[in-house]
Amino acid sequence: MPSRWGLWGVAAALLVVDGLGEETGWRGFALPALQRRHSPLVATLLLTVAWAGWHAPMFAVVDTYHSIAGPLLVGWFIGLFCGAVVLTWLYNRSGSILLVAIWHTAYNIVSGTEAAKGVLAATSTTLVILLAATLVRLEIRAGRSNRPSILGPATSEDLSNQQTGITGGAT
């Protein structure tokens with residue numbers, strides 16, 4: 001994107017294209033459809049495969065993608081999966097395409113633009129990976145102990161507790 005647009009111009013363009021453009025399809029349409037047949041974690045993995053295919057043309061046209069090959073390609077896919085886990089959690093818990101679009105846009109700005117090289121990009125990516133690993137671990141534990149999904153859509157009890165300010169625990 002042209003740097004003359006400034007941060008807010010680039011952010012607005014990314015919000016429309018990357019954020020709303022992608023997330024309307026991925027989280028607004030594909031994720032709910034996949035979750036009708038699969039658990040949220042399996043649906044997220046399947047969505048990540050499709051999302052990787054969506055990004056495949058970038059390897060031909062974006063300079064920073066040209067250096068991603070072999071083991072780095074595996075790392076790129078794992079990073080994409082981690083982002084998908086966080087976006088699944090955000091979407092299912094909020095039901096908001098706008099929230100996931102803003103998160104997607106902010107992440108792309110912080111980790112994928114010329115202005116975000118180095119420590120900022122590494123830190124934001126590391127935090128997303130740690131959050132995703134925590135969510136996956138909690139999701140697996142919930143499944144093993146027959147508790148509600150961490151990644152899945154909020155239940156009516158969750159929503160009721162949010163509205164009344166109840167956060168759980170013994171009273």
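Could you give the DSSP H helices of the chain that reach 24 angstrom or more along their long axis (alpha carbon positions) and whose average Kyte-Doolittle hydropathy is no lower than 0.0? Each step should come with its number before you reach the end.
Numbers: long enough: 71-94 (35 Å, 1.27); 119-144 (37 Å, 1.25).
Span-like helices in the chain: 71-94, 119-144.
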Quiz item: What value, in deg cm²/dmol to 500, does the helix sum -39500 (n - 2.57) over DSSP H runs of n ≥ 4 give at 222 nm once divided by the residues of the chain?
Solution: -21000 deg cm²/dmol
Practice problem: Pick out which of V62, V136, V110 has the largest mean-square fluctuation in a Gaussian network model of the chain, springs linking Cα atoms closer than 10 Å. | Solution: V62
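Between rounded, prolate and oblate, where does the stretch 1-101 land on the alpha carbon gyration tensor, with a ≥ b ≥ c its root eigenvalues, rounded for a/c under 1.5, else prolate if a/b exceeds b/c?
Taking the square roots of the gyration eigenvalues as a ≥ b ≥ c, the stretch 1-101 is oblate.
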Quiz item: Between the stretch 29-64 and the stretch 69-100, what's the alpha-carbon centroid distance in Å?
Solution: 9
Exercise. Could you give the C-alpha radius of gyration of the stretch 50-126 expressed as a fraction of 2.2 N^0.38 Å, taking N as the number of residues it contains?
Key: 1.15
Quiz item: How much of the accessible area of the chain, probe 1.4 Å, is carbon plus sulfur, in whole percent?
Solution: 68
Quiz item: Looking at the chain, what % of the alpha carbon pairs are farther apart than 25 Å?
Solution: 36
Self-check item: Residue of G95, G70, G21 that the Gaussian network model of the chain assigns the largest fluctuation, springs spanning Cα pairs under 10 Å
Solution: G70
Exercise. Rank-order 26-38, 78-90 by packing density, defined as the average count of other C-beta atoms within 10 Å over each peptide's residues, highest first.
Key: 78-90, 26-38
Quiz prompt | Residue with peak Gaussian network fluctuation, the chain [Cα springs, cutoff 10 Å], from A11, A60, A50 | solution = A60
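The values are calculated or read from the model by the stated rules, or taken from the named source; none is laboratory data. Quick caveat: nothing in here was measured; it's all calculated off a predicted structure. Reconstructed Cβ throughout: ideal geometry from the backbone, glycine too, with neighbour counts over all protein chains shown. The accessibility values were calculated without ligands, DNA or RNA, using every heavy atom of the protein model including side chains. Shrake-Rupley method; radii C 1.70, N 1.55, O 1.52, S 1.80 Å.
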